[in-house]
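Colleague: Got a structure here, written out as structure tokens. Questions coming.
The values are calculated or read from the model by the stated rules, or taken from the named source; none is laboratory data. Worth saying up front: this structure is predicted, and the values here are computed from it rather than measured. In this analysis, Cβ positions are derived from the backbone assuming ideal geometry, glycine residues included, and neighbour counts consider all displayed protein chains. Each accessible area value is taken on the protein alone, full model and side chains, heavy atoms only, with ligands, DNA and RNA left out. Shrake-Rupley method; radii C 1.70, N 1.55, O 1.52, S 1.80 Å.
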Amino acid sequence: MAKETIQLTRTIQLKVDAPTKEERKEALVTLYRWQNRSYRAANLIITHLYIQEMIKEFFYLSEGIRYKLVDEKKDEAGLLNRSRMNSIYRVLSNRFKGEIPTLILNALNKKIITTFNYYREEYWRGERSVMNFKRNMAFPFHRDGVHGLSYDKEKSTFRFRLFSIPLKTYLGRDHTDKKKLLEQLVAGQTKLCTSHIKLKDNKIFMLATFEIEKEKHSLKPEVIAEASLSLEYPIMVKSGKEKLSIGNREEFLYRRLAIQAARRRTQTGATYCRPGKGRKRKTKAVEKFHNLEKDYISNRLHVYSRKLIDFCIKHQAGTLILLNQEDKIEIAKNENGFVLRNWNYYELMTKIKYKAEKAGIELIVD
């Protein structure tokens, strides 16, 4: 039976909800300390996991070495004195106890072990390198770490405590569904799953993951919509006698190429900019155009994928087939570098997949 829920992740800016500057600074220092300990713990976890997994390959050790990754109490050949997950958690607890909430370490441990197990075969064959975590990584937290979530009507903000740190949301001119999801969370209509905190330039962002019910539409599985992605028309879709062309080449590429040309002109002129604080000051305008291009692409692909799903819902198509996508991607790679550089097949397919799952439409990639 198909799952009736789906997980959505939304980026929500947070601010420390403290009255004085000193308290706000202290809270930010605490969050940065948690980020640093999470970064160190993550690299420690992946190192232990890899060594445990590859212990069988250490054939040059003594013949009497035991290499089963199980508790020695459950198996005589067991190498560990506790379960595999608990063994790594104990390492983290001994190393970072008192410096970071244990719920964060527990969530981090579970997440990395799950990811490691998913790629286990590729690690063993030498086809994938071991993950390396950076200092600015987002650190996870369990929903049990969130306390007292409520809505302040006067300030139009949501307040809560992350462990001991008081925080409030800053939604700004939000035109998405973030406020609605938070209202549902306060009312108990949706559930907060393991989420993440991201720190960037002394700003706090919560990558909140919500578990919501799938949209309910009167769809018919036997009704099929066939769609193809191309450069001339981003999406061509038909269902029965109904057809729709979504977007066109000029609409998408003209604006993107204009932004790229403006960025190149800015790069040329950056040589003569006043340095002030070095490279960052000189390339500030260039970075602005880089972000502008990314935002424009994301917006267009969201619009295209939304129109496709709306078409399927309107015509009650319960099955959506994307035709000949692998062949088109290979052609773009081998014959047309311009297409590969300026057209986003994978990103558009990802957005279509997410929206189709949310609407309860079965997606088939042919």
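Colleague: Using the structure shown, decide if residue 222 is over 23 Å from residue 303 (Cα atoms) and assigned to a loop (DSSP other than H, G, I, E, B).
Modeller: Numbers: over 23 Å from residue 303 (Cα atoms): yes; assigned to a loop (DSSP other than H, G, I, E, B): no.
Taking the combined requirement at face value, the residue does not satisfy it.
Colleague: Regarding residue 212, is this residue open to solvent by less than 40 Å² (accessible area, probe 1.4 Å), modelled with pLDDT under 90, touching a helix residue (DSSP H, G or I) at 6+ places or on another chain (Cβ under 8 Å) and assigned to a strand (DSSP E or B)? Steps first, answer last, please.
Modeller: On the way: open to solvent by less than 40 Å² (accessible area, probe 1.4 Å): yes; modelled with pLDDT under 90: yes; touching a helix residue (DSSP H, G or I) at 6+ places or on another chain (Cβ under 8 Å): yes; assigned to a strand (DSSP E or B): yes.
It is true that residue 212 is open to solvent by less than 40 Å² (accessible area, probe 1.4 Å), modelled with pLDDT under 90, touching a helix residue (DSSP H, G or I) at 6+ places or on another chain (Cβ under 8 Å) and assigned to a strand (DSSP E or B).
Colleague: Look through segment 149-188, keep the residues that are among the polar types (S, T, N, Q) and at pLDDT 90 or above, and return whichever of them is nearest to the chain's Cα centre (by Cα). Please lay out each step first, then the result.
Modeller: We begin by selecting, within segment 149-188, every residue among the polar types (S, T, N, Q); these are 150, 156-157, 164, 169, 176, 184.
Then drop every residue that is not at pLDDT 90 or above, which leaves 150, 157, 169, 184.
Details: 150: 26, 157: 24, 169: 20, 184: 22 Å.
Taking the candidates together, the pick is 169.
Colleague: Further question on the same structure: Mind checking which pairs have a first residue in segment 84-113 that is under 13 Å from residue 34 (Cβ atoms) and among the hydrophobic types (A, V, I, L, M, F, W, C) and a second that is open to solvent by 20 Å² or more (accessible area, probe 1.4 Å) and assigned to a loop (DSSP other than H, G, I, E, B), Cβ under 6 Å, 6 or more apart or different chains?
Modeller: Close Cβ pairs (under 6 Å, with a partner that is open to solvent by 20 Å² or more (accessible area, probe 1.4 Å) and assigned to a loop (DSSP other than H, G, I, E, B)) amount to 103/142; 107/142; 107/194.
Colleague: Given the condition of a type outside the set (Val, Ile, Thr), under 20 Å from residue 310 (Cα atoms), without any contact (Cβ under 8 Å) to a residue 12 or more places away in the chain and surrounded by 15 or more Cβ atoms within 10 Å (Cβ to Cβ), answer yes or no: does some residue in segment 230-249 qualify? First the steps, then the outcome.
Modeller: Pass one, segment 230-249, residues of a type outside the set (Val, Ile, Thr): 230-234, 236, 238-245, 247-249.
So of that shortlist, the ones also under 20 Å from residue 310 (Cα atoms) come out as 230, 233-234, 236, 238-245, 247-248.
Adding the requirement that they be without any contact (Cβ under 8 Å) to a residue 12 or more places away in the chain leaves 236, 241, 243.
In the following step, the residues that additionally are surrounded by 15 or more Cβ atoms within 10 Å (Cβ to Cβ) were identified as 236.
Yes; the residues of segment 230-249 include at least one that is of a type outside the set (Val, Ile, Thr), under 20 Å from residue 310 (Cα atoms), without any contact (Cβ under 8 Å) to a residue 12 or more places away in the chain and surrounded by 15 or more Cβ atoms within 10 Å (Cβ to Cβ).
Colleague: Same structure again: Please enumerate the residues belonging to segment 323-353 that are at pLDDT 85 or above and open to solvent by less than 10 Å² (accessible area, probe 1.4 Å).
Modeller: If the condition is that a residue be at pLDDT 85 or above and open to solvent by less than 10 Å² (accessible area, probe 1.4 Å), then 352 is the only one that fits.
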